[in-house]
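Colleague: Sharing a structure, written as structure tokens. Questions coming.
Here, each number is a calculation from the coordinates, and none is a lab measurement. Predicted model, so just to flag it, every value in this text is computed and none were measured. Cβ coordinates were reconstructed from backbone atoms using ideal geometry, including for glycine residues, and neighbour counts include every protein chain displayed.
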């Protein structure tokens, strides 16, 4: 996803009362995170599960949060999502970089990239793939999900190599 | 001192302030000795009580937020000490009830007896207190009342065969009670 849209997404969500952005970086989401850092609105954690814990504490304080991560971090977080976020129905937005989407991506991304859609489905986390065309609709959807106290995920495809 | 005794002393001292308790026997003990709305009983997601407590502390600067951790729990999320120490919430009190074992799963040993948890906490910007008796615990709780956090209390406890009942609140009710209390 291009730089301009990634930066716009940050402000679009911020305007819609998503107040905290917490996670572990992904180059797929580089400009989104950079925009958050410029606005002094990012907490970088040591692991993704830690980010989910902090966002949960904030959600319990009636403060909407987004947790960003690579899909490797999503795989790390499955037990936390099932035994904390879904168990207590904590309203959080996940933003996940889809590494291994391109078939010639780096070898360490390929397996998780392949099983990611099915993993999301199996754990019952509602997901939309966010693109340069549908990003506003996807953001509105995610904001509505957490208004209804439901967690959800937005996935950004990695369309480049580095 | 066993965990349940120590939990009771700290929970009473916390008053109406929020407490996030680790999974396993920790949450059960807290539920049995001092159930209240602002207790977040974490029943899964081992290791994350400190992170959930940090999120609550950052958004509720007027409340003193207590984390009831175990040695097994904090060893699973040592990274949270780094994040807490870098954000330095003044209202966060991190209590580790250390029995050198995974008591909830059958007393298997942890490695907390072989390292110095308090030194790790000290190096991540906590004010630290190591407590080995009930008398000292009461003294320290009084001493920290006017102290800014993050504060780390390492309470050395012994294992016990006493078992508290399971938390009877449903997870969604635990969530709503905490939301309403904050």
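Colleague: Counting only DSSP beta bridges with both residues in the range B:3-181, what percent are antiparallel, rounded to the nearest 5?
Modeller: Taking every DSSP beta bridge within the range B:3-181, about 10 percent pair in antiparallel fashion.
Colleague: At what distance in nm do the modelled label points of residue A:30 and residue B:62 sit from each other, each positioned 7 Å from its Cα along Cα→Cβ?
Modeller: Here the answer is 4.4 nm between the modelled labels.
Colleague: Taking the DSSP beta bridges in the protein assembly as shown as the whole, what percent of them are antiparallel, to the nearest 5?
Modeller: Counting only bridges with both partners in the protein assembly as shown, antiparallel ones make up about 5 percent.
Colleague: Which value results when the Cα radius of gyration for the protein assembly as shown is divided by 2.2 N^0.38 Å?
Modeller: 1.01
Colleague: Next question. Using the number of other C-beta atoms within 10 angstrom as an exposure proxy, rank A:99, B:166, A:16 with the fewest first.
Modeller: B:166, A:16, A:99
Colleague: Would you mind getting me the FRET efficiency between residue B:107 and residue A:141? Use the beta-carbon distance for r and R0 = 56 Å, nearest 0.05.
Modeller: With a Förster radius of 56 Å, E is 0.70.
Colleague: On to the next question. Using a Gaussian network model on chain B with a 10 Å cutoff between Cα atoms, which of B:91, B:23, B:107 fluctuates the most?
Modeller: Looking only at B:91, B:23, B:107, the largest GNM fluctuation is found for B:107.
Colleague: Rounded, prolate or oblate, given the Cα gyration tensor of the range A:3-157, with a/c below 1.5 counting as rounded?
Modeller: Judged from the Cα gyration tensor, the range A:3-157 comes out rounded (a/c under 1.5).
Colleague: Which residue, B:156, B:88, B:165, has the most motion in a Gaussian network model of chain B that connects Cα atoms within less than 10 Å?
Modeller: Answer for the Gaussian network model of chain B: B:165.
Colleague: Each label point is 7 Å from the Cα along the Cα-to-Cβ direction; what then is the distance between the points at residue A:82 and residue B:145, in nm?
Modeller: Output for this residue pair reads 4.7 nm.
Colleague: Given points 7 Å out from each Cα along the Cα-Cβ axis, report the residue B:2 to residue A:4 separation in nanometres with one decimal.
Modeller: Going by the 7 Å Cα→Cβ label model, 6.8 nm.
Colleague: Could you state, as a whole-number percent, how many of the C-alpha pairs of chain B are farther apart than 22 Å?
Modeller: That tail contains 38 percent of the Cα-Cα pairs.
Colleague: Continuing with the same structure: Other chains' Cβ within 10 Å of A:76-83 residues: what's the mean?
Modeller: 3
Colleague: Taking chain A as a Gaussian network, where each spring joins two C-alpha atoms under 10 Å apart, which residue of A:22, A:96, A:129 fluctuates the most?
Modeller: The residue that fluctuates most here is A:129.
Colleague: Remind me, relative contact order of the range A:3-157 in percent, using alpha carbon pairs under 8 angstrom and six or more residues apart?
Modeller: Across the range A:3-157, relative contact order equals 24 percent.
Colleague: Follow-up question, since we're still on this one. Given R₀ = 30 Å, what would the calculated FRET efficiency be for residue A:41 paired with residue B:122, taking r from the Cβ atoms and rounding to 0.05?
Modeller: 0.50
Colleague: Among B:102, A:161, which comes first, second and so on when ranked by fewest other beta-carbon atoms within 10 Å?
Modeller: Sorted ascending by nearby Cβ count, the order is A:161, B:102.
Colleague: Report the FRET efficiency, 1/(1 + (r/R0)^6), for residue A:123 and residue B:130, where r is their Cβ-Cβ distance and R0 is 41 Å, rounded to 0.05.
Modeller: E(calc), rounded to 0.05, equals 0.50.
Colleague: Calculate for the protein assembly as shown the 222 nm mean residue ellipticity that helices alone would give, adding -39,500 (n - 2.57) per DSSP H run of length 4 or more and normalising by residue count, nearest 500 deg cm²/dmol.
Modeller: That comes out to -12500 deg cm²/dmol.
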